[in-house]
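Below: the structure, in structure tokens.
What follows is calculated from the coordinates using simple rules that are stated; it is not laboratory data. Note that the coordinates shown come from a computational prediction; the quantities given were computed from them, not determined experimentally. Note that we place each Cβ from the backbone using ideal geometry, even for glycine, and neighbour counts take in every protein chain shown.
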Amino acid sequence: MNENIIYAFIALAAFIAYKKYTQYQVLKLVPTLLSQGGQIVDVRSVEEFVTAHKDGSINIPFDLLKDRVRELDNSKPIILCCASGSRSGLARRTLIAKGFENVYNAGTWKSLMKFQ
């Protein structure tokens with residue numbers, strides 16, 4: 001029984017490390033993506049966005065994304081963010097399923113604050 005707990009913990013740690021690594025890789029690309037006209041899309045709720053957000057980002061709450069997908073320019077990179085990276089990860093999959101190709105999950109909106 002204790003072995004199963006250890007394996008579950010190792011799997012969880014590996015998943016978290018992978019998620020952080022992929023977000024780190026995206027953050028390295030952000031300056032280039034922005035120079036290509038990248039759009040920062042914050043998929044948090046309106047209430048979360050109003051409280052604080054990255055200047056220049058647009059708010060399309062995740063639960064409204066499918067209905068508002070036409071507001072996005074598929075010819076430019078789309079940089080997604082939210083509070084933890086989970087909703088933006090789901091949003092990335094949603095946009096890819098809708099035919100978008102140049103979509104990136106940057107994780108938390110705060111991680112984008114250092115970029116112009």
Taking the Cα centre of the chain as origin, sum charge times position over the Cβ atoms of Lys and Arg (+1) and Asp and Glu (-1), and report the length of that vector in debye to the nearest 20. 220 debye
Tell me the net charge near Ala52. Cut-off is 14 Å between Cβ atoms, Ala52 excluded, with +1 for each Lys or Arg and -1 for each Asp or Glu. -1
So which GluC sites (Glu not before Pro) in the range 29-107 end up in coil per DSSP with only 14 or fewer other C-beta atoms within 10 Å? Glu101
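Could you list Leu65, Leu34 so that the one with the fewest beta carbons within 10 Å of its beta carbon is first and the one with the most is last?
Fewest-to-most Cβ neighbours within 10 Å comes out as Leu34, Leu65.
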Options (i) 46, 34, 27; (ii) 64, 25, 19; (iii) 51, 31, 29 - which one matches Cα extents along the principal axes in Å as calculated here: (iii)
Going fewest to most other Cβ atoms within 10 Å around each Cβ, Tyr24, Tyr104 line up as Tyr24, Tyr104
Can you compute the helix-only [θ] at 222 nm over the chain? Use -39500 (n - 2.57) per DSSP H run of at least 4 residues, normalise by all residues, nearest 500 deg cm²/dmol. -15500 deg cm²/dmol
What does DSSP give for the range 2-112 in terms of the percent of beta bridges that are antiparallel, rounded to the nearest 5? 0 percent
By how many degrees, between 0 and 90 and to the nearest 10, does the Cα long axis of helix 86-97 differ from the longest principal axis of the chain? 60 degrees
Taking the chain as a Gaussian network, Cα atoms linked when under 10 Å apart, which of Phe62, Phe15, Phe100 shows the biggest mean-square fluctuation? Phe15
Cβ density ranking, 10 Å radius, fewest first, applied to Leu80, Leu95, Leu72 yields Leu72, Leu95, Leu80
Putting +1 on Lys and Arg Cβ atoms and -1 on Asp and Glu Cβ atoms, find which of Tyr7, Ser111, Thr22 reaches farthest to the positive end of the dipole of the chain. Thr22
Does anything in the range 39-71 have its amide N under 11 Å from the 7 Å Cα→Cβ label point of Asn102, and if so which residues? 39
With the contact rule set at Cα under 8 Å and sequence spacing of 6 or more, what percent relative contact order holds for the chain? 27 percent
